[in-house]
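Take a look at the structure set out below.
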Amino acid sequence: MSASEPPVNSPDLRRLDPVLAPGHTYASVTDKIAAVVLTRPLGIGWLAGFTVAFGVVMVLFASLAWLIIKGVGIWGINVPIGWGFAIVNFVWWIGIGHAGTLISAILFLLNQKWRTSINRFAEAMTLFAVACAGIFPLIHTGRPWMAFYMFPYPSTMGVWPQFRSPLIWDVFAVSTYGTVSLLFWFVGLLPDLATLRDRAKTRTQQVIYGALSLGWRNSAHHWHRYQSAYLLLAGLATPLVLSVHTVVSFDFSVAIVPGWHTTIFPPYFVAGAIYSGFAMVLTLAIPLRKVYGLEDFITMRHLENMAKVMLATGLIVAYGYFVEFFMAFYSGNKFDVFLATQRLHGPYSHFYFALILCNILTPQLLWFEKVRRNVVALFLMSLVINTGMWLERFVIVVISLTRDFMPSAWGRYSATFWDYSTFVGTLGLFVMLIFLFVRGLPAIAISEMRELVAHQSNGKKENE
Amino acid sequence: MEQRSQLYGVMGEFDTPEQIMAAARKTHEAGYKRVTAYTPFPIEGLAEAIGFKWTAVPLLTMIGGLGGGLTGFAMQYWMMAVSYPLNIGGRPLNSWPAFIPVTFELTILGAASFAVFGMLALNKLPEPYHPVFNVDRFAHASTDKFFLCIEARDPKFNLAETARFLRGLNAQHVSEVKDE
């Protein structure tokens with residue numbers, strides 16, 4: 001390592017993998033991305049994958065139907081553990097969504113060019129993850145057909161939702177998040193839908209993409225307002241995404257339950273959300289670029305950058321775990337101290353140690369460039385981190401609820417078949433939606449890629 | 001029958017962002033007012049070069065945000081303190097810190113909705129039909145070609161002269177745009 005700064009544009013600097021492989025033109029990026037949607041025949045791999053995912057969605061439907069027939073008693077929840085898998089899964093899914101917004105909004109505001117080729121499917125991932133997340137609190141209410149009670153509508157009962165409750169804040173936070181993510185995604189898609197309309201090969205494609213593109217015609221006046229709206233949306237989505245997981249953490253930290261009632265929760269939940277979200281983006285991006293030959297667009301630079309974000313947010317999460325312990329002992333509160341020891345020595349300690357292994361120890365391998373640049377290692381790492389983040393929510397929800405203030409209120413929790421089948425079912429729903437998305441809409445923002453081509457050719461001219 | 005096919009304007013095609021920027025500037029300097037450019041991606045300064053000065057999108061967004069936030073807070077205040085006041089241990093009915101999260105979320109919701117639907121409304125979208133779609137080569141506007149269209153309702157418009165003017169700017173495939 002030399003002390004002097006290497007020249008930024010030095011070609012032999014291995015770190016500077018391009019964000020877009022050289023030699024691409026406006027037409028070539030457009031052709032390549034649009035072809036995945038418009039002309040590529042359905043392969044056996046897609047059909048097989050979709051069929052499996054669709055089958056798992058049927059498991060979800062069966063689980064939900066049985067739940068509605070029998071009630072939440074089919075799950076492992078009971079007094080004192082009223083939350084269980086439903087809330088664990090809700091927090092896990094909603095956290096995964098956060099990386100999509102981070103990539104599309106925060107990296108946009110920071111003018112990070114490398115976000116371009118991953119923002120579209122990261123946003124799609126956000127929407128699908130929020131859809132999966134939204135199922136859980138809904139069915140957890142026990143009477144999901146009464147879920148509209150949570151919205152303030154004038155009823156003959158004359159009562160309103162309790163706006164001093166974090167659970168109602170959550171309703172507003174998550175529904176706003178879902179709506180704004182959908183708007184942001186659609187605005188980004190608009191020019192690409194017009195591109196697909198102009199290149200559509202069949203009448204069906206013309207009608208569908210024509211209707212969805214709203215008659216977008218790439219006018220400079222339109223682009224001007226479009227960019228203004230897009231920038232504003234990015235500015236609005238940034239505090240929104242931070243607020244959503246903050247409000248989710250309020251569900252816990254506003255309560256006085258030991259292990260929940262801590263001020264570290266909001267930042268540590270947000271960092272954990274981004275951590276698991278980037279892991280999920282990698283889980284999706286690595287097979288996607290391989291199967292559809294998009295290595296020119298999703299380069300090693302993207303994968304390595306995402307690995308670095310995971311390493312950084314993983315360290316924040318590790319700090320959160322440390323502070324939880326430190327504050328428990330520093331406060332001297334005997335319930336907090338007891339809960340901390342229960343995490344290490346209680347009946348669920350193996351979950352806690354698995355969590356430390358998945359979320360803190362294994363990701364330290366990302367310090368090594370060899371690991372960050374190894375696609376297989378990154379893929380495995382992303383699965384490990386997603387498992388770890390799920391365990392984190394399990395530890396938070398279950399250990400605290402099983403070790404309340406009074407020993408007479410202690411209990412045990414174990415999930416039933418229906419807990420698992422519902423969770424696995426939402427995984428199937430997520431995967432099925434991703435499969436449909438990849439073949440129905442451009443998985444990479446085409447117009448932004450054309451902008452990147454222009455940007456690159458400008459850069460070349462300036463260097464010459 | 002004559003009104004079946006009206007002339008909408010004349011359109012020229014360019015190959016690069018630099019060419020269309022130069023052409024747009026010259027067109028504006030030549031005194032044409034009703035000019036539109038069509039490009040496969042946003043080009044900085046192009047809208048300004050053809051005389052587009054101000055967009056109401058930020059203002060609309062602010063109105064949406066303020067409206068959402070004020071409505072959100074007023075709603076909670078009214079429901080919690082006026083319509084159905086609950087005395088919980090004598091705590092204040094207007095417990096405003098507890099109303100902040102929902103106020104914040106509704107601010108964002110209002111602002112984002114106004115930004116998106118305001119942008120679409122100002123752009124007069126959805127608009128499935130537009131005369132420029134009648135030009136065959138116009139489909140390339142979403143791939144790799146850059147178009148400049150001078151509309152027939154421009155006071156300075158004259159079919160032959162305007163077409164010659166566009167050719168003088170090195171435009172290729174100068175074609176009439178018909179409104180059928």
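Just for segment A:283-294: of the residues that are under 14 Å from residue A:32 (Cβ atoms) and buried (at least 18 other Cβ atoms within 10 Å of the Cβ), which one is nearest to the chain's Cα centre (by Cα)?
Ranking the candidates gives A:288 first.
Can you tell me how many residues in segment B:19-31 are surrounded by fewer than 22 Cβ atoms within 10 Å (Cβ to Cβ) and farther than 30 Å from residue B:115 by Cα?
Step one: filter segment B:19-31 for residues surrounded by fewer than 22 Cβ atoms within 10 Å (Cβ to Cβ), giving B:19, B:21-22, B:25-26, B:28-31.
Now narrow it down to the ones that are farther than 30 Å from residue B:115 by Cα: B:19, B:22, B:26, B:29-31.
Residues meeting the conditions: 6.
So, in segment A:295-333, of the ones that are assigned to a helix (DSSP H, G or I) and among the β-branched types (Val, Ile, Thr), which residue ends up surrounded by the most Cβ atoms within 10 Å (Cβ to Cβ)?
Ranking the qualifying residues of segment A:295-333, first place goes to A:317.
So how many residues does segment B:69-81 have that are within 10 Å of chain A (Cβ to nearest Cβ) and of a type in the set (Ser, Thr, Tyr)?
Qualifying residue count, segment B:69-81: 1.
If only one of B:92, B:97, B:85, B:101 is buried (at least 16 other Cβ atoms within 10 Å of the Cβ), free of Cβ contacts under 8 Å to residues at least 24 places away in the same chain and in the same structural domain as residue B:65 (by TED's automatic domain parsing), which one is it?
B:101
Sort out which residues of segment B:152-164 are touching a residue at least 12 places away in the same chain (Cβ under 8 Å) and either part of a loop (DSSP other than H, G, I, E, B) or among the aromatic types (Phe, Trp, Tyr) (or both), and write them in order of number.
B:152, B:153, B:154, B:155, B:156, B:157
Can you tell me which residue among A:203, A:217, A:289 is at the interface with chain B (Cβ under 8 Å from one of its Cβ atoms) and basic (Lys, Arg)?
Answer to the selection: A:217.
Within segment B:93-108, how many residues turn out to be part of a loop (DSSP other than H, G, I, E, B) and at the interface with another protein chain (Cβ under 7 Å from one of its Cβ atoms)?
Here is the first cut: in segment B:93-108, the ones part of a loop (DSSP other than H, G, I, E, B) are B:93-95.
Right, trim to at the interface with another protein chain (Cβ under 7 Å from one of its Cβ atoms) and you get B:95.
Residues meeting the conditions: 1.
When the residues of segment B:114-151 are filtered to those that are part of a loop (DSSP other than H, G, I, E, B) and in contact with a helix residue (DSSP H, G or I) (Cβ under 8 Å, 6 or more places away or on another chain), which remaining residue is farthest from the other protein chains (Cβ to nearest Cβ)?
Within segment B:114-151, the first condition is being part of a loop (DSSP other than H, G, I, E, B), and the residues that meet it are B:123-130, B:135, B:143-145.
After this cut, where a residue has to be in contact with a helix residue (DSSP H, G or I) (Cβ under 8 Å, 6 or more places away or on another chain) as well, the list is B:123, B:125-126, B:128, B:143-145.
Details: B:123: 5, B:125: 4, B:126: 4, B:128: 5, B:143: 5, B:144: 4, B:145: 9 Å.
Among residues in segment B:114-151 that are part of a loop (DSSP other than H, G, I, E, B) and in contact with a helix residue (DSSP H, G or I) (Cβ under 8 Å, 6 or more places away or on another chain), the one farthest from the other protein chains (Cβ to nearest Cβ) is B:145.
Please enumerate the residues belonging to segment A:29-51 that are within 24 Å of the chain's Cα centre (by Cα) and surrounded by 14 or more Cβ atoms within 10 Å (Cβ to Cβ).
Matches in segment A:29-51: A:33, A:36, A:37, A:46, A:49, A:50.
Within segment B:51-68, can one find any residue that is over 16 Å from residue A:219 (Cα atoms) and not in a helix (DSSP H, G or I)?
yes
Taking the condition crowded, with 16+ Cβ neighbours inside 10 Å, of a type in the set (Val, Ile, Thr) and under 30 Å from residue A:161 (Cβ atoms), does residue B:61 pass?
The answer is yes for residue B:61.
Consider segment B:82-92. How many of its residues are at negative phi and more than 10 Å from chain A (Cβ to nearest Cβ)?
Of the residues in segment B:82-92, 4 are at negative phi and more than 10 Å from chain A (Cβ to nearest Cβ).
Each row is one residue, and each column tells you yes or no for (1) more than 8 Å from every other protein chain (Cβ to nearest Cβ); (2) in contact (Cβ under 8 Å) with a residue 24 or more places away in the chain; (3) in contact with a Lys or Arg (Cβ under 8 Å, 6 or more places away or on another chain).
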residue: A:136; (1), (2), (3): yes, yes, no
residue: A:153; (1), (2), (3): yes, no, no
residue: A:164; (1), (2), (3): no, no, no
residue: A:187; (1), (2), (3): no, yes, no
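Could you check, for segment B:165-179, whether at least one of its residues is at pLDDT below 95, within 7 Å of chain A (Cβ to nearest Cβ) and either crowded, with 19+ Cβ neighbours inside 10 Å or not in a helix (DSSP H, G or I) (or both)?
no
Looking at (1) within 30 Å of residue A:205 (Cβ to Cβ); (2) touching a residue at least 24 places away in the same chain (Cβ under 8 Å), which one does residue A:98 not meet, given that it meets all the others?
Result: residue A:98 fails condition (1) only.
Which of the residues that make up segment B:114-134 are surrounded by fewer than 22 Cβ atoms within 10 Å (Cβ to Cβ) and either at pLDDT below 90 or over 10 Å from the mean Cα position of the chain (by Cα) (or both)?
Matches in segment B:114-134: B:117, B:125, B:126, B:127, B:128, B:129, B:130, B:131, B:132, B:133, B:134.
Conditions: (1) buried (at least 23 other Cβ atoms within 10 Å of the Cβ); (2) of a type in the set (Gly, Ala, Ser); (3) out of contact with any His (no Cβ under 7 Å at 6 or more places or on another chain). Residue B:47 meets all but one. Number of the miss?
Among (1) buried (at least 23 other Cβ atoms within 10 Å of the Cβ); (2) of a type in the set (Gly, Ala, Ser); (3) out of contact with any His (no Cβ under 7 Å at 6 or more places or on another chain), the lone unmet condition for residue B:47 is (3).
Take residues that are more than 14 Å from chain B (Cβ to nearest Cβ), buried (at least 16 other Cβ atoms within 10 Å of the Cβ) and of a type in the set (Phe, Trp, Tyr) and tell me which of the helices (runs of 4 or more DSSP H) falling wholly in segment A:345-461 contain 2 or more. Break it down stepwise before answering.
Numbers: elements: A:349-356, A:369-372, A:375-394, A:417-440.
It comes to A:349-356, A:375-394, A:417-440.
Given the structure, is residue B:111 buried (at least 19 other Cβ atoms within 10 Å of the Cβ), more than 27 Å from residue B:29 (Cα to Cα) and within 9 Å of another protein chain (Cβ to nearest Cβ)?
Yes.
Answer yes or no as to whether residue A:129 is surrounded by 15 or more Cβ atoms within 10 Å (Cβ to Cβ) and in a helix (DSSP H, G or I).
Answer is yes for this residue.
Only one of (1) touching a Gly at 6+ places or on another chain (Cβ under 9 Å); (2) away from chain A (no Cβ under 12 Å); (3) surrounded by 15 or more Cβ atoms within 10 Å (Cβ to Cβ) fails for residue B:66. Which number is that?
The one condition residue B:66 does not meet is (3).
For segment A:345-354, check the following and say yes or no: at least one residue is in contact (Cβ under 8 Å) with a residue 60 or more places away in the chain, in contact with a Gly (Cβ under 9 Å, 6 or more places away or on another chain), within 24 Å of residue A:248 (Cα to Cα) and not small (Gly, Ala, Ser).
Scanning segment A:345-354 turns up no residue that is in contact (Cβ under 8 Å) with a residue 60 or more places away in the chain, in contact with a Gly (Cβ under 9 Å, 6 or more places away or on another chain), within 24 Å of residue A:248 (Cα to Cα) and not small (Gly, Ala, Ser).
Looking at (1) of a type in the set (Val, Ile, Thr); (2) closer than 29 Å to residue B:13 by Cα; (3) more than 8 Å from every other protein chain (Cβ to nearest Cβ), find the lone condition where residue A:130 falls short.
With (1) of a type in the set (Val, Ile, Thr); (2) closer than 29 Å to residue B:13 by Cα; (3) more than 8 Å from every other protein chain (Cβ to nearest Cβ) applied to residue A:130, the lone miss is (2).
The values are calculated or read from the model by the stated rules, or taken from the named source; none is laboratory data. Keep in mind it's a predicted model, so treat the numbers as computed, not measured. Using ideal geometry, Cβ is built from the backbone for each residue, glycine included, and neighbour counts are taken over all protein chains shown.
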